[in-house]
Amino acid sequence: MNEDSKYALKYHEETKHSEFNIRSSSHYLDWDNKPKAFKFYSKIPSTALPVDFPTPDQNVVTMIDTVQVSSSVSANIDIDIKLLSSLLFFSSGITRQIKFPHGKYLMRAAPATGALYPIEVYIVSKNINGLQAGIYHFCPGQFTVTILREGDYRLLLAEAAGDNDQIKNSPFTIILTSIAWRNAWKYQARSYRHWFWDSGVIAANLIATAMSFGLDTKLILGFVDKVVNNMLCLDEGKEASVVLAPIGIGCSQEKPKKTEYPSRFVPDIVPLSKNKEIEYPQIWELHNASSLNSSEEVRKWTDSVPMIQFQEPEKAGIMESKQIEPRPAISQSLSNVILLRGSTRKFSRQPIAFEQLSNILYSLTRRINSDFIDKKSMIDIYFIANEVSNLQSGAYFFNRRDNSINLLNSNVNRNTSGYLCLEQPLFSDASVVFYMMANLKLILKTLGNRGYRLCQFESGIIAGRWRFRIRSASGSNCSASMPSPTRRRTSCSGSIPGSRSCSARESSRAAGTSSAS
Ligand SMILES: Cc1cc2nc3c(=O)[nH]c(=O)nc-3n(C[C@H](O)[C@H](O)[C@H](O)COP(=O)(O)O)c2cc1C
């Protein structure tokens, strides 16, 4: 079924924004039925994680620009529950509390569309110091883990990922899943895209944190969905796995032993909403159509990634070309960047330097360890420069093969960048707005419906990585937004500011509003 890519194309067309559907939608937010941000098991006790964990203090820029962790570093690291706690905290933990007159807002290590946090985190671990072998769920709200299955399930997980050796020789694998209703409450059927954007930004934090500790890791999108979902005790048709990340590849020398295939077991959870959850069949139609059903199918699919033949970027239509000029930037530690982050709610319309833009684009050419991106990137970067020193305003294409930026249209302005992002002022005020585009038809032809997951997920990782680079280099922030109403290809966009206004961001929260993603 994955090969029949009509499902992804159909979903994409049906859930696209258009001027008409944005203005005519009758959907409203039922605040009384807003889903809870955390998953709690009603009958299984949880265990507190240690809070005296190490912090990832490596310099962010060095880390993004480092191509690979050396396996000799990896092999000497003491992997225990404190290290795991740090990885969980800096990828998806609660980093701050912001108090308002009517309550408090829990700030997370990674952003999320509409602040709805649909992504859950699980761990499949061998015995490590402080944690017995098992399958665990992580609750960021309480900073606890709940054991769902006892025993070492790494071999079974590796088999589900096409007999993956990296899972076998890592002490644990972190798995991100998505609870459909959490985000569909606001974004309806369109929210399937957010499964991948929201997990992409968490994954960017996770791999950066792991690398900061010298741990090699990889993001795996090819796996037998049903097997992994069953291992994690997920409720079918409500929650599903998105990505597997073995952490500390090469750190576990002894081979995991074969375990029994686990029986089906869906534990009771505290209901997410007071009233009925609304179902959006389009989400599950595409999710099922993009699922892989056997280890063999996974291997075939993963091997097909390098076979996509992207065309050379066209030279025709380029008005002017310029090389980017990345420079080593003063950088903060990763922990600082994550702890101090926050999405911008107001930009000052000040220009940014060409060098800053160059550094951000350069970080895109750095490798991301995954079962697809390091073989082939799915994403093309376009941007609208509204205010960059020493750069003509206009719409550009970034050619990452030769590190050049190519002016395509000098007649676009702030109104255009705002219009393409659902007329949000943030995106007309920004100095630069990036648009991540994918040649969907070509990708789906080779990778089937699952290619859709890849494009969306890679956009999320890029957005997450850019945050590090932007925040680290300029001390300022950025925001992300959704696709244009007019493009035929799939897209996600992000913007960078001249400077950030914290009070505007906080007052928008106080009023209980959030982005029109
Ligand atoms: C993929 C993605 C898309 C987003 N789109 C928008 C957007 O269109 N407009 C906006 O104001 N914020 C957008 N945001 C920012 C979220 O609203 C923000 O992350 C969330 O409210 C939590 O706030 P924080 O990032 O400051 O913690 C987006 C975030 C992500 C991860």
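Quick notes on this structure:
- Too-long pairs where the Cα-Cα distance tops 30 Å, listed order kept, from LYS238/LYS441; LYS99/LYS274; LYS257/LYS376; LYS82/LYS104; LYS39/LYS186: LYS257/LYS376
- 22 Å Cα-Cα reach of LYS255 towards lysines, excluding residues that sit fewer than 8 places from it in its own chain: LYS126, LYS168, LYS218
- By definition, a body whose alpha carbon gyration tensor gives a ≥ b ≥ c is rounded when a/c is under 1.5, and the chain falls into this rounded group.
- The simple spin-label model puts a point 7 Å past each Cα toward its Cβ; for GLU312 and SER26 those points are separated by 5.4 nm.
- Mean residue ellipticity, 222 nm, helices only, the chain: the sum of -39500 (n - 2.57) across DSSP H runs of n ≥ 4, divided by residue count and rounded to 500, is -9500 deg cm²/dmol.
- Whole-number percent relative contact order across segment 343-418, with pairs defined as alpha carbons under 8 Å at least 6 apart: 25 percent
- Here the Karplus curve 6.51 cos²θ - 1.76 cosθ + 1.60, taken at θ = phi - 60°, turns the phi angles of segment 221-231 into couplings of 9, x, 7, 7, 4, 4, 5, 5, 4, 5, 4 Hz, with x standing for Gly and Pro.
- Gain on full extension, evaluated as 0.36 nm per residue between ARG367 and GLN323 minus their Cα-Cα distance, stands at 13.8 nm.
- Among 39-45, 164-170, 17-23, the peptide with the highest mean count of other Cβ atoms within 10 Å heads the list, and the full ranking is 164-170, 39-45, 17-23.
- Taking 7 Å steps out from each Cα toward its Cβ at ALA48 and LEU339 produces label points 2.0 nm apart.
- Subtracting the Cα-Cα distance of LEU106 and GLN350 from their residue separation scaled by 0.36 nm leaves 84.8 nm.
- When only Cα pairs below 8 angstrom with a gap of at least 6 residues are kept, segment 159-250 shows a relative contact order of 51 percent.
- Each Cα pair under 8 Å and six or more residues apart adds its separation to the average, and for the chain the resulting relative contact order is 19 percent.
We did not get these values from a lab; they are worked out from the coordinates using the rules stated. If you're wondering where the values come from, they're calculated on a predicted model, not measured in any experiment. Backbone-built Cβ (ideal geometry, glycine too); neighbour counts: all protein chains shown.
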